[in-house]
Amino acid sequence: MNKKLKSILNSLEASPEIKEKKCVTKVRQLRSAYANFEHDDGRKIDTLKNRITRLCISLYAQVSDPYLKKGLSTIQSECDKSYNDMNDDPGDYDYSLSMNKDDF
């Protein structure tokens with residue numbers, strides 16, 4: 001996890017608004033899910049992405065600070081970007097499907 005995301009999660013966890021609404025556990029779950037997402041070998045990647053999305057949406061509804069909302073959006077977009085990069089791996093493409101009978 002890069003410094004920017006750690007900083008966002010630390011700010012969320014330290015936020016009085018989050019503490020007041022007793023959402024610190026959700027922030028910690030988000031931190032854990034994102035760390036697992038980064039280090040997963042592909043078996044649970046869809047489940048982790050969905051969990052991150054649900055936690056971000058839930059926390060987004062709990063905060064009013066624009067910085068924290070932007071931070072949650074950043075976490076979600078980083079997750080989506082990483083997920084798309086994993087699924088767009090050109091090594092998974094089957095070139096035999098794109099060949100015509102004339103190619104042989």
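Tabulated values for the structure
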| quantity | calculated |
| --- | --- |
| For GLU20, GLU38, order by how many other beta-carbon atoms lie within 10 Å, fewest first | GLU20, GLU38 |
| For segment 23-45 versus segment 64-83, the gap between their alpha-carbon centres in whole angstrom | 14 |
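Values quoted throughout were computed directly from the atomic coordinates according to the rules given, and no laboratory measurement underlies them. This one's a predicted model, so the numbers in the text were calculated from it and none came from an experiment. Cβ coordinates were reconstructed from backbone atoms using ideal geometry, including for glycine residues, and neighbour counts include every protein chain displayed.
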